[in-house]
Amino acid sequence: MRDMTGDKRMRIVLAATMIVATLGFCAPAQAQSGVEGRVTRLESEMRAVQRKVFPGGASATVEPQITAPAVVADRPGTPAGGAITDLTARVSALETNIRSVTGQVEQAGYRLRQLEDAFAAYKTATDARLKALEGGEAAIVAGDTSSSGTAPPPVSATRPTQGTPAASSRPDPARAAAIKGVERPDTGDEAEDAYTYGFRLWQAKLYPEAEKELKAVADKYPKHRRASFAQNLLGRAYLDEGKPSLATLAFYDSYKKFPDGERAPDSLLYLGQALVALKKPADACKVYSELDSVYGSKLSATMKADVAKGRATAKCQ
């Protein structure tokens, strides 16, 4: 009876020892399995994020801050604490890298939104300016009247080139003879010769032909001193022909393109007169104020008298 009791006790001790050993191995194994799952999941997420942020390939990916040490096979019975510690360090490194990449993605997205907003604002402002310019030109052209006071025919969507003579079904022999009678100089200075020829055509009241020549001088020789003269005289030709709307555009271009040109002040003076002819006295007054502000000290006594006369005609305050 005593021997049986001793055998039972021995079996109980052996069983308890096996249970403890099994629990000792299972607990670290389960912990390691859980950490391995976290590592696998985080590494997968990290690769997905890197593929999205760096589509160029694996060479552009972010290197982990902590690399996994070489795996050393544990001897049977060795506690698994070292492996768990290594896996935990890898998880922490992966989490840090994911936070870093996520922050970079958010910053890039914010900068992209800023660029998109800035471009949208620029496009809106540009479209508004273009529409305003188109509307202003249409209003000026619509306000043009002939010498008889009647409104001109509607302007087509494709306006002919300024200065191009109107097409005629029948040639005018007298006009052709007048044009042929205007001498074209030949001094060797092409810009000077073209301007002089345009000036002579204007003097002969051959306005369409003069406009064509003068516009060509301003466009072809913008650096020549005669460019300012040609652009200003182009406006005067339109004004003398009874086309104040086209004259305002020519005078404005003269001031805008050649602000330091010799005929820039004259262009503003005649621009005011053209606006008065278009029944826009308030705009004419603004032009006269601009003329005084920019060129007041350079104006001759004659021009100052012309400006005062223009102000009186426009009833400027």
Quiz item: Which of GLY242, THR313, SER297 sits farthest toward the positive end of the charge dipole of segment 175-314, with +1 on the Cβ of Lys and Arg and -1 on the Cβ of Asp and Glu?
Solution: THR313
Quiz item: Gap in Å between the Cα centre of segment 246-295 and the Cα centre of segment 195-241?
Solution: 17 Å
Quiz item: Just how many % of Cα pairs in segment 175-314 lie over 26 Å apart, if you round to the nearest whole percent?
Solution: 25 percent
Quiz item: According to a simple spin-label model (label point 7 Å from Cα along Cα-to-Cβ), what is the distance in nm between LYS309 and LYS286?
Solution: 2.6 nm
Quiz item: Ordered by residue, what ³J(HN,Hα) values in Hz, to whole numbers, does segment 247-254 give under the Karplus form 6.51 cos²θ - 1.76 cosθ + 1.60, where θ = phi - 60° and Gly and Pro are x?
Solution: 5, 4, 5, 5, 5, 5, 5, 4
Exercise. Among the listed pairs LYS123/LYS215; LYS212/LYS257; LYS205/LYS286, give every one whose C-alpha distance is greater than 26 Å.
Key: LYS123/LYS215; LYS205/LYS286
Quiz item: Hey, got the dipole for segment 175-314? About the Cα centre, +1 on K and R Cβ, -1 on D and E Cβ, debye to the nearest 20?
Solution: 420 debye
Quiz item: Simple spin-label model, 7 Å along Cα-to-Cβ: ALA132 to ASP189 in nm?
Solution: 4.0 nm
Quiz item: Using a Förster distance of 25 Å, how high is the FRET efficiency between VAL105 and ARG41, based on the Cβ-Cβ distance and rounded to 0.05?
Solution: 0.85
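All of the numbers you see were taken from the coordinates with simple rules; none came from a lab. Only a predicted model underlies this, so the values are computations on that prediction, with no experimental measurement involved. Counting neighbours? That spans all protein chains shown, and the Cβs are built from the backbone with ideal geometry, glycine included.
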